[in-house]
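The values are calculated or read from the model by the stated rules, or taken from the named source; none is laboratory data. This one's a predicted model, so the numbers in the text were calculated from it and none came from an experiment. As a convention, Cβ positions derive from the backbone with ideal geometry for all residues, glycine included, and neighbour counts pool all protein chains shown.
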Amino acid sequence: MFFLNPPEVKTAEVYSAMPQEMRRSGVRSAWADANRGGAATDSFLEGPVFDANGNLYVTDIPYGRIFRIDSSGSWTQIAEYDGEPNGMKFLNSRELIIADYKNGLMVCEIATGEVRPFLERRNSERFKGINDLTFDSKGNLYFTDQGQSGLHDPSGRVYRLRKSGQLDLLLSNVPSPNGVVLSPDERVLFVAVTRGNCVWRVPLMEDGSVSKVGQFFTSFGPSGPDGLAMDERGRLIVANPGLGVAWVLNRRAEPEVVIQSPVGFSGSAVGASLTNIAYGGSGRSSLFCTESVTGSILRFELEIAGAPVRTGEG
């Protein structure tokens, strides 16, 4: 890819790795059969989100687990259930809302680990497979319904669940919608389109509709954009698992920084699967990344803080 102004290329550090005793070595899962070609998968981390006390929460998709990682890097399992949890955000200070591929939207009570349904179906129809989600300042929830969609079947969907309970279908033609994030003024929704290897820009109109949806950024490689984040300056950060990097893009989608994963497949310097990202640390100046295949959490310091992440309370 050619850039007029080549970006800085920097490398993240390993912040913490899942302890060996928590890994499910030698266990076969239906999720890995469908999504990893049956490859041995002892964990697959996703959904990073921070609480007000600086604890990081992540999901383990194939084994239906949710972990809390404290500021010292120590891991605690807070829930395990029959599901495939992916993206997460805080519904309130006591509960996480989960984009669960298998079950729909679910809620986890942090203190007890109890997981219960929040929205399993729409008009009695199951979702394709929910992937990721984000709240706006009014407590409206935007989420992607990815399923097994792709260029062969561009039928992935993006929804908005209003605080009133009204469910709006915003897009229904996306080839693998994944991560979602709002611009700082909440007038634009960005959607990672994994199998299209790009990020869509979705203007949100005053009447609740969308208009003039366009392709904001184009990547390359075997697996396209996944998790998204936004910083206070309006730069979009894009996790790109197929390349093992996170792109830091300005408002014109020009990469300013490329953050590389320091861990990869055996014999390779290329990251294995940098899937999702969240700002945390002092002043939200650190970018934390799930390195899914290796069960690692990466960290990289940035000069611009991340934008605040909303909860279900707005």
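Candidates 141, 171, 151, 161: the one that is out of contact with any Leu (no Cβ under 7 Å at 6 or more places or on another chain), touching a residue at least 12 places away in the same chain (Cβ under 8 Å), under 25 Å from residue 102 (Cα atoms) and surrounded by 14 or more Cβ atoms within 10 Å (Cβ to Cβ) is 171. Could you say whether any residue in the range 162-184 is in a loop (DSSP other than H, G, I, E, B), more than 25 Å from residue 306 (Cβ to Cβ), over 17 Å from the mean Cα position of the chain (by Cα) and aliphatic (A, V, I, L, M)? There is no residue in the range 162-184 that is in a loop (DSSP other than H, G, I, E, B), more than 25 Å from residue 306 (Cβ to Cβ), over 17 Å from the mean Cα position of the chain (by Cα) and aliphatic (A, V, I, L, M).
Residues that are polar (S, T, N, Q) and touching a residue at least 40 places away in the same chain (Cβ under 8 Å) were ranked within the range 112-138; the one that is surrounded by the fewest Cβ atoms within 10 Å (Cβ to Cβ) is 137. Considering the range 61-111, the qualifying strands (runs of 3 or more DSSP E), each wholly inside and each with 1 or more residues that are among the polar types (S, T, N, Q), crowded, with 16+ Cβ neighbours inside 10 Å and modelled with pLDDT of 95 or more, run over 85-90.
Matching residues to (1) hydroxyl-bearing (Ser, Thr, Tyr); (2) surrounded by 16 or more Cβ atoms within 10 Å (Cβ to Cβ); (3) under 15 Å from residue 63 (Cβ atoms); (4) touching a residue at least 12 places away in the same chain (Cβ under 8 Å):
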position: 5; (1), (2), (3), (4): no, no, no, yes
position: 8; (1), (2), (3), (4): no, no, no, yes
position: 12; (1), (2), (3), (4): no, yes, no, yes
position: 18; (1), (2), (3), (4): no, yes, yes, yes
position: 22; (1), (2), (3), (4): no, yes, yes, yes
position: 25; (1), (2), (3), (4): yes, no, yes, yes
position: 41; (1), (2), (3), (4): yes, yes, yes, yes
position: 45; (1), (2), (3), (4): no, yes, yes, yes
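Looking across the range 111-161 at every residue that is in contact with a strand residue (DSSP E or B) (Cβ under 8 Å, 6 or more places away or on another chain) and acidic (Asp, Glu), the one that is farthest from residue 189 (Cα to Cα) is identified as 114.
Take the residues in the range 112-152 that are assigned to a loop (DSSP other than H, G, I, E, B) and among the hydrophobic types (A, V, I, L, M, F, W, C); name whichever of them is farthest from residue 174 (Cα to Cα). Of everything passing the filter in the range 112-152, 127 is farthest from residue 174 (Cα to Cα).
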